[in-house]
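Please treat every number below as a calculation from the coordinates, not as lab data. The model shown is predicted, which means the values in this text are computed figures rather than measured ones. No Cβ is skipped: glycine too gets one built from the backbone with ideal geometry, and neighbour counts run over all protein chains shown.
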Ligand SMILES: [Zn+2]
Ligand SMILES: [Zn+2]
């Protein structure tokens, strides 16, 4: 079983391939994720060595905090990646994967910061801030 998943941005300037089983999805409702995505962030992550990136020159890395950056396509604006400084993992937005994704929902974080225009009622674990 190869367990390869592929995906990319809306305009296809940026494409990626991952190797191995993908982690369950984390849904982040913090204000940064809300602003960047328009709703909330759903992401898996992979070890950098298991991520093949095509079109890396079209990824703009926005420094969103002192310890992390967010990667998006500079052509079409698709939010794609999140990466902490010095980390060996890259988070990848669930919506960027081609279907079937095989992705499983995990849990919600930063629920205290979520937008006031939706409810979280899917029965998954919820955390007010990061996972405790
Ligand atoms: Zn694009
Ligand atoms: Zn967030």
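Worth a mention:
- Ranked 82, 61, criterion: other C-beta atoms within 10 Å, fewest first: 61, 82
- Separation in nanometres of the label points that stand 7 Å from Cα toward Cβ, at residue 69 and residue 84: 1.7
- Diffusion coefficient, µm² s⁻¹, Stokes-Einstein with Kirkwood Rh over alpha-carbon pairs of the stretch 54-117 at 10 °C and 1.306 mPa s: 116
- Per-residue [θ]222 nm for the chain (sum of -39500 (n - 2.57) over DSSP H runs n ≥ 4, rounded to 500): -1500 deg cm²/dmol
- Between residue 128 and residue 15, the contour length at 0.36 nm per residue exceeds the alpha carbon distance by 37.3 nm.
- Relative contact order (%) - criterion: Cα under 8 Å, at least six apart; region: the chain: 28
- Label-point separation, residue 48 to residue 99 (7 Å along Cα→Cβ), nm: 3.3
- With a cut-off of 11 Å on the backbone N, the residues of the stretch 66-86 near the modelled label site 7 Å out from residue 32 along Cα-Cβ are 66-71, 82-85.
- Percentage relative contact order, the stretch 26-81, counting C-alpha pairs under 8 Å, at least six apart: 22
- Here the gap between residue 4 and residue 23, fully extended at 0.36 nm per residue and compared with their Cα-Cα distance, gives a gain of 5.5 nm.
- Computed over the chain, Cα set: Rg, Dmax in Å: 14.4, 43
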